[in-house]
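Below is one structure, written out as structure tokens; the observations come after it.
The values are calculated or read from the model by the stated rules, or taken from the named source; none is laboratory data. Worth saying up front: this structure is predicted, and the values here are computed from it rather than measured. With ideal geometry, Cβ positions are generated from the backbone for all residues, glycine too; neighbour counts draw on all protein chains shown. Just the protein is used for accessible areas: all its heavy atoms, side chains included, with ligands, DNA and RNA removed. Shrake-Rupley method; radii C 1.70, N 1.55, O 1.52, S 1.80 Å.
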Amino acid sequence: MMSESKIHFFPKEPLVALVGNPNSGKTSLFNLLTGGKQKVANYAGVTVERKEGKLDLGNQSLRILDLPGVYSLYPRSLDEQVTCNVLLGRASGEKKPDLVLCVLDSTNLRRNLRLVLAVKRMGLPCIVVINMMDLAKKRGIHIDLSQLEQELHLPIVESIGVQANGDKALREKLSSFDFKGHALTATSENSNHRPIEADNIVVQGILQRMGLNQMMADPISDQIDRTLLHPIFGPIILFIVLFFIFQAVFSWAEYPKEIIESATDWVSRFISNLIPEGWLQSLLVHGVIAGVGGVLVFLPQILILFFFILILEESGYLPRAAYLLDRLMGSVGLSGRSFIPLLSSFACAIPGIMATRTISNARDRLVTILIAPLMTCSARLPVYALLIGAFIPAQKIAFGIELQGFVLFALYIAGILGAMIVAWILKTFLSSQKVFHPLMMELPSYHMPSVKNVVIGLWQRTIIFLQRVGGTILFLTIALWFLASYPNPPVGAVGPDIEYSYAGILGKALAVVFAPIGFNWEISIALVPGLAAREVVVSSLATVYAIAGQATSAEEALTPLLQQGWSLATALSLLVWFVFAPQCLSTIAVVKRETGGYKIPLIMLTYLFSLAYLASFITYQIAIRFGLG
């Protein structure tokens with residue numbers, strides 16, 4: 001009996017794949033070509049993220065793929081495997097590219113040209129794009145494009161991925177490219193298995209004939225690195241940069257938050273006047289608006305955090321931060337390789353855990369996965385902002401430093417320290433091979449951040465956040481509204497209706513478990529949907545208090561009511577809980593997928609819940625002793 005094969009129907013537009021080394025400016029060129037016409041997705045069964053966009057050339061439209069940056073096509077990591085599979089036509093649900101754009105860093109042809117030779121052997125139509133030509137000219141590097149074309153026997157164009165119209169020559173080349181006239185040649189499985197030494201000899205010969213065999217240093221980057229990578233001043237500067245970021249998260253977000261708060265309050269009053277009192281008004285005002293509006297108000301703070309992350313990434317400073325932290329991470333059994341995955345976890349643990357695929361050492365990768373949820377993801381920021389705004393005075397302490405920003409910074413540091421302690425414990429007690437793996441990585445030249453790339457990155461983050469608000473958060477908010485509204489209280493009942501609802505019964509049962517750490521039944525209810533998405537805790541509290549009749553709008557629902565109903569000890573305990581408690585269930589699902597079983601996810605859930613409960617218990621009891629209860 002023959003197995004039935006799947007038939008895929010691919011879009012009619014030609015598929016163009018961008019391939020290049022990391023830090024070659026490939027993604028900047030992708031943004032320049034596609035603008036806002038992008039989408040982020042994953043191939044079936046693969047956790048590595050890939051970007052797809054469209055390029056309109058007037059006479060035709062092209063699909064553009066921005067594949068993961070690779071140094072070679074000898075797949076040693078999942079990133080390289082994904083790129084190879086796409087180029088070989090083996091990626092699930094994707095056709096073989098009709099054209100490959102090999103993006104080269106013009107200041108580092110020695111390493112980049114090896115990748116071109118590997119792609120050329122695959123038999124795919126290929127155009128070589130010499131990128132960052134502006135930097136090459138500043139360093140006095142002259143590249144004879146016509147001679148390089150003759151050496152490679154491939155068409156070559158130049159580009160500047162960070163300048164407007166920096167892709168003009170490439171667009172003209174693509175407009176005149178005959179996709180139908182360039183048939184794809186068959187590629188065998190072993191066609192790329194040529195010794196690396198052979199490619200090195202070929203590349204060395206090309207560079208010698210072109211007079212480019214001398215390494216050209218970047219004097220500006222070297223001069224900056226003397227300060228930023230200084231063994232004493234470097235870590236101090238990094239600490240100051242991070243501290244400034246968390247100060248800005250609070251201080252810069254005030255005005256846009258006020259606008260969103262006013263808009264949410266106006267919508268709430270408008271719906272209340274438009275719709276008669278009843279279940280529909282309660283659903284819209286106390287459920288949808290109170291819940292979704294309570295989360296939406298924290299979008300400015302999330303975007304401010306991502307703004308700085310994008311600036312640091314675009315400028316080339318992030319690899320330096322990994323270098324600076326390599327010694328510290330080595331003391332707990334990790335290396336600087338874990339820095340980028342852990343840094344990604346500050347946005348969301350899911351891409352951070354995915355990024356561990358670039359860590360070759362199995363033990364380091366597993367430990368990084370286990371501690372990634374301790375990095376404070378952006379979903380925790382709304383909870384932090386709510387509690388800090390309600391219980392921490394908005395005052396300056398010293399040198400113009402705001403107390404609220406300082407507390408936020410301390411929470412992030414607590415998560416980092418917790419992760420380092422866990423990594424040290426795993427290194428000390430669970431590993432028989434306590435081997436330190438020195439960090440070897442490329443430090444790209446410093447660049448002025450591209451405004452377009454930053455704007456696109458912030459826009460993508462906004463879309464992802466709004467999709468969560470309109471999807472998971474909205475669904476859970478409505479579900480919680482139903483559980484908090486039904487069944488109706490018995491005749492002669494005393495107290496708010498919500499206490500007799502399904503949610504009230506569940507909350508009071510859970511409150512018995514959480515009472516030693518100071519959580520009331522309202523908090524206990526909110527923690528349940530919070531397992532799906534951390535931001536839902538804020539919307540859940542807004543919904544619970546709104547249905548309880550203690551508030552009429554999303555904004556009125558929380559801050560003053562929390563100040564009246566909670567002690568400072570409870571607030572501090574909840575803050576500490578969110579530092580250590582497991583992140584959303586999606587994170588656990590990704591861990592299961594990445595580790596191939598349930599053992600590691602169960603270990604993660606057990607130790608994170610235990611750590612969160614213990615830390616909250618200690619915090620609450622100490623706060624009570626100091627009279628903060």
Among the aspartates and glutamates, which fall within straight-line cross-link reach of Lys54, defined as a Cα-Cα distance under 15 Å, with same-chain neighbours fewer than 8 residues apart omitted? Glu13, Asp66, Asp98, Asp167
Would you mind calculating the gained length between Ala390 and Tyr502 on full extension (0.36 nm times residue separation, minus the Cα-Cα distance), in nm to one decimal? 37.5 nm
With Rg from the Cα atoms and Rh as the Kirkwood inverse mean 1/r over Cα pairs, segment 69-176 has an Rg/Rh of 0.98
Per-bin percent of Cα-Cα distances, segment 316-390 [5 Å]: 3, 17, 23, 23, 15, 9, 7, 2, 0
Full-extension gain in nm, His142 to Lys173, via 0.36 nm per residue minus C-alpha separation: 9.0 nm
Going by average Cβ neighbours within 10 Å, how do the peptides 385-397, 364-376 rank, with the highest at the top? 364-376, 385-397
For Thr107, the accessible surface traced by a 1.4 Å probe with all protein chains present amounts, in square angstrom to the nearest 10, to 30
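Mind ordering 279-288, 596-605, 148-157, 110-119 by average Cβ neighbours within 10 Å, highest first?
Output ranking for 279-288, 596-605, 148-157, 110-119: 110-119, 279-288, 148-157, 596-605.
Which value does Rg/Rh take for segment 379-421 over its C-alpha atoms, Rh per Kirkwood?
Result: Rg/Rh = 1.03.
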Where the eigenvalues come from the Cα gyration tensor of segment 87-150, what are the semi-axes √(5λ) of the equivalent ellipsoid, largest first, in whole Å? 27, 12, 10
For segment 283-432, the Kirkwood Rh over every pair of distinct alpha carbons, in Å, works out to 17.1
Taking 0.36 nm per intervening residue step and subtracting the Cα-Cα distance, what contour gain separates Arg625 from Ala511 on full extension? 38.9 nm
Distance cut-off 26 Å, Cα to Cα: go down the list Lys51/Lys592; Lys51/Lys599; Lys96/Lys137 and report the pairs above it. Lys51/Lys599; Lys96/Lys137
Please list the three semi-axes, largest first and in whole Å, of the ellipsoid equivalent to segment 70-123, using sqrt of 5 times the eigenvalues of its alpha carbon gyration tensor. 21, 13, 9
